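Since the structure comes first, as structure tokens, the remarks are kept for the end.
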Amino acid sequence: MKVASKKLTTLALAAAVSVSLFGCAPGGDEVAQKDVVIPEGDLADQSGTLTPSNPTELSVYIESPEQAPATDNKITKLIEDQLGVTLKYEIVTPENADQKIGVMLAGGDYPDLIGTGDLKLRFLEGGALARLDDMLDTGDYPNVEDYVEPYIKRMSYSGEAIDKGLYILPNYNRFYGDVTGGTYYGPAFWIQKRVLADAGYPDLSNMTIDKYFELIENFLAKNPQTAGSPTVGFEAPAPTGSEWILTNPPALLAGSPNNGGVIVDSDDKAAIYADKDVAKTWYKKLNEEYSKGVVDAETFTLTNDQFQAKLATGAVLGMQNQGWQFGTATDSLRSAGLDEYTYAPVMPVYDGAEPYYADRPVMNINQGFGVSSTSKQQEKALKFLDMMLSEPWQKVLSWGIEGEDYEVGDDGIFTRTDEQRADSKDLTWRASNKLMALNSMIPKHNGTFSDGNAFSPDDQPAEFFATLSDYDKDFIQKYGKQTWMDFVNKAPENPTYYPAWNISLTDAATQANQQMTDAALQNLPKIIAGKPADFDKNWKAYTDTFKKIDVKSYEDEINAGIQDRLENW
């Protein structure tokens, strides 16, 4: 990385980079300002707005659990050397943010940059943030323009409290290029790795529900005990806050992405599926498996803590769930060296359906960085965000310094040594070598860079593979893969409206949605645990409850929300 500087005279710089180098004396006469020095290399601001020869201090508020960087932080020094910018941090933990936001809004004076994760939009609607649209119209912020251009309607505020427009640059899930990753956190039918190993690492393509349960049944018959406890074939709980574990599978089996309580067809028309045949087929299968003793008899009474604890014993062979939901149990098993008891994702579907389990994570609208309305240097503050959004700075923030924190092979692929990987996990090392708090809120190039490297080391397939345990390396190689993301479908671009589950609803539609959830939680356990001979009777009793619910009001509002997003996003 080059850090040399080139000195441009007033005349030369004006011609080369179009920076105004003249100020006005009180009488209106132009007076020459000092020479501007622009460092060489791709980390420098070629516009001359941010330069070491004209130092800038920016005050920064960030909501983050991360600590402020150490005084000897090398990225801090790099920012000062290349941009002449010193950051004055105020870092507030999420649990203390509510009180701090109230105090700041009451005072009405804000730092230059505000990094907020406040979903109540208090900074935004309270007038603390500057509207960025006019500044972007100048063309002086090309990296920000590139970041927002495809999604500016989605990123922009459209409420009534303040002027409509762009105020916050989202901090996560604005994707460039392909979606990459190592760990899969989305929905799947999960199966213990030891089950697949015992079956000789069977082909997981063209997976069906019958094949999935056949694998579990065969292993359960041979291994009725796990470490002295009964082996559990399948869990289908509905703990408070995660009721969707029980209710969402039918849509996924039908080849629909996770739109919550509806399936959206090819004409962008949404309809509930809870009382349809796609649901009936799934719950009939669960009823059969329950009668065989494969489904845990305690599954419907488990709290989330009890569910996690049961998974952490290693006794549960399978479940349908989102990967992030049982991370605590997975971490516990890994820390105990029990990788064979952790899970691999598989994607069963009904005949004629294509798997659509993996999606692109949804953009964090209204969370990220904005320029404050009271900043006296708004152009410099936005230029700082613009520079941080350039690929060279994104690589510095995520990967670090080439040759120190990562290596570049002859093929251009970024890798790390074992020592570099170990350093990256060390909190003391991070304090002096990473800007963790800033990077938690700064807008990002999630996905891949233009050279094909992943945004994050954890998302680089070969780099992720290198961090796996010996067991997982062997397991994953048996399938000819490098990451757990390789086990699921390649995530396509999300539909414009996606996801339907976060569309705002009126009280009437919210009530209808809650009534449907209540009907499911009251009836589905009875249907699944009931006698197979009583399934049709129990199913009819369940679906009859939907006739007493204003389902249409819910569907109408979801469809109105979809159309609004299609027209305005």
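Read the figures in this text as sums done on the coordinates, not as results from a lab. The model shown is predicted, which means the values in this text are computed figures rather than measured ones. A quick note on method: Cβ atoms are made from the backbone with ideal geometry, for glycine too, and the neighbour counts reach across all protein chains shown.
Rounded to the nearest 500, the helix-only mean residue ellipticity at 222 nm of the chain stands at -11000 deg cm²/dmol, with each DSSP H run of n ≥ 4 adding -39,500 (n - 2.57). Computed over the stretch 87-138, the alpha-carbon pair-distance distribution with 10 angstrom bins reads 21, 54, 21, 4, each value a whole percent.
Structure note, pairs 526/547; 284/481; 120/269; 276/547; 193/481; 280/537: Cα-Cα distances above 23 angstrom occur for 284/481; 120/269. Roughly how many debye, to the nearest 20, is the charge dipole of the chain about its Cα centre, given +1 on each Lys and Arg Cβ, -1 on each Asp and Glu Cβ, and no other charges? I would put it at about 1080 debye. How large is the translational diffusion coefficient of the stretch 162-224 in µm² per second when you combine the Kirkwood radius over alpha carbon pairs with Stokes-Einstein at 20 °C and 1.002 mPa s? Here the translational diffusion coefficient equals 135 µm²/s. Here is the list for the stretch 488-555: trypsin sites (Lys or Arg not before Pro) lying in DSSP coil, each with at most 15 other C-beta atoms within 10 angstrom of its C-beta, are 490, 547, 548.
Per residue, the convex hull spanned by the alpha carbons of the stretch 259-350 comes to 132 Å³. Considering all C-alpha pairs of the stretch 255-410, those separated by over 26 Å amount to 58%.
Of the beta bridges in the chain, as assigned by DSSP with both residues counted there, near 65 percent are antiparallel.
What translational diffusion coefficient, in µm²/s and rounded to a whole number, does the Stokes-Einstein relation yield for the stretch 452-521 at 4 °C and a viscosity of 1.567 mPa s, taking the hydrodynamic radius as the Kirkwood radius over Cα pairs?
80
Among 448, 301, what is the fewest-to-most ranking by other Cβ atoms within 10 Å? It would help to have the intermediate numbers written out before the result.
Details: 448 18, 301 12.
Taking fewest neighbouring Cβ atoms as first place, the list is 301, 448.
Charged neighbours of residue 567, selected by a Cβ distance under 14 Å, balance to +1 (K, R count +1; D, E count -1).
Which one of 401, 368, 390 is farthest out on the positive end of the charge dipole of the stretch 285-408, using unit charges on Cβ (Lys, Arg +1; Asp, Glu -1) and the Cα centre as origin? Towards the positive end, the residue furthest out is 368.
Ordering 255, 297, 307 by the projection of their Cα atoms onto the charge dipole of the stretch 248-331, which places +1 on the Cβ of Lys and Arg and -1 on the Cβ of Asp and Glu, puts 297 at the extreme positive end.
With both labels modelled 7 Å from their Cα along Cα-to-Cβ, the residue 281 to residue 478 distance reads 3.0 nm. Taken over the stretch 315-435, lysine pairs spaced eight or more positions apart, or on distinct chains, with alpha carbons under 20 Å apart number 4. The alpha carbons of the chain give a radius of gyration and a Dmax of 27.2, 96 Å, in that order. Placing one equal scatterer on every Cα of the stretch 437-569 and applying the Debye formula, the log10 ratio I(q)/I(0) at q = 0.09, 0.12, 0.13, 0.19 Å⁻¹ is -0.59, -0.87, -0.91, -1.02.
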